[in-house]
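Okay, structure first, notes after.
The values are calculated or read from the model by the stated rules, or taken from the named source; none is laboratory data. What you see is a predicted model, and the numbers here were worked out from it, not measured in a lab. Note: ideal-geometry Cβ built from the backbone for every residue, glycine included; neighbour counts use all protein chains shown. Protein only, heavy atoms only, side chains kept; ligands, DNA and RNA dropped before computing areas. Shrake-Rupley method; radii C 1.70, N 1.55, O 1.52, S 1.80 Å.
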Amino acid sequence: MNLDSGYDSYAFVADLYDHVGPYRSRPDVAFFLNEAVNAGSPVVELGCGTGRVLIPIARAGIEIVGVDASANMLSICRDRLAHEPEAVQSRVRLVQADMRSFDTGQRFALATIPFRPFQHLLTVEDQLACLATIRRQLVAGGRLILDLFNPSLDGLVNGPVGEEHGEEDEFTMPDGRRVVRRQKTVATNRFTQVNDYELIYYVTYPDGRDERLVHAFSLRYLFRYEAEHLLTRAGFDVEQVYADYSKNPYGSSYPGELIFIARARS
Ligand SMILES: C[S@@+](CC[C@H](N)C(=O)[O-])C[C@H]1O[C@@H](n2cnc3c(N)ncnc32)[C@H](O)[C@@H]1O
């Protein structure tokens, strides 16, 4: 597996990340913030990226350790933290590590994996290694929030393959570059459940020059009961399965999200 899923191979990904419309408007921050406040310090966030979720949690007074494999994403997170008050900065520790094998040296009441980094793990062995690593660093009865997308059967069968689609609203970078993002499913594999994707950024510079940048990566999709069995096998009891960040139950919308609250068995 490509360790960083393209987040380091392509430097532009971290540069653009915080400006992408669908990332800026993701409705998950209040949910993770609330869960972190309820669990209390310290919390660990895997695949924390640029701190989109981590920084609001630190602002709310919670100590948080952010783990990410990508030096570029963590570098943006550090830059953002540098603009925060000293008290917020002091609550954050960033660790560059693989979520399959990280060791923070701490124990947590809550581990979270917001916005699907777990789906960058492409084999069951990697998924189980990650869950075992998390479980070792939870206190007895500690909880994991596993955030996945719920695969749409219609999308899997009828979704376009090999063509660009999904033009989003243009966004503007602080240096004046204008960017439109599109996406492409490059290849699907119904046996491994690993699909190859591209996120394609069309960049126009203030001087009129154009650039086409491609972030290529793979994701593995998991179905509800598959993920539930995986969690059970890894020593977790599933307490809740939600369809969205308002805590509506799984099944209340389709395809919706696939969000597990799982407690580590002691
Ligand atoms: C879609 S971003 C999500 C970032 C952040 N959680 C958020 O909600 O904005 C996926 C993140 O997972 C990280 N990642 C991918 N594979 C990883 C691995 N094996 N170990 C640690 N981090 C990983 C990437 O570097 C990237 O920052």
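So here's what we get for this one:
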read-out	value
Ranked by how many other beta carbons lie within 10 Å on average, peptides 50-62, 122-134 from highest	50-62, 122-134
Modelled label reach - R212, point 7 Å along Cα→Cβ, the range 9-27 residues with backbone N closer than 17 Å	none
Accessible-area composition of the chain, carbon plus sulfur, in percent [1.4 Å probe]	49 percent
Largest-first ellipsoid semi-axes for the range 186-266, taking √(5λ) over the Cα gyration tensor eigenvalues, angstrom	36, 17, 13
Summed residue charge, Cβ within 15 Å of G256's Cβ, Lys/Arg positive, Asp/Glu negative	-1
Cut-off under 5 Å, modelled amide H: who pairs with V95 long-range	G66, V67, D68
Solvent exposure of the chain as accessible area per residue, Å², 1.4 Å probe	45 Å²
Summed residue charge, Cβ within 13 Å of Q240's Cβ, Lys/Arg positive, Asp/Glu negative	-3
Over the chain, volume per residue of the alpha carbon convex hull, in Å³	122 Å³
Additional length obtainable on full extension of the chain from A11 to E170, 0.36 nm per residue less Cα span	55.2 nm
Length-normalised contact order of the range 150-264 in % [C-alpha pairs under 8 Å, at least 6 apart]	19 percent
Extension gain, A60 back to V139 (0.36 nm per residue minus Cα-Cα distance, nm)	26.2 nm
Estimated 222 nm signal from helices in the chain, with DSSP H stretches of n ≥ 4 weighted -39500 (n - 2.57), rounded to 500	-7500 deg cm²/dmol
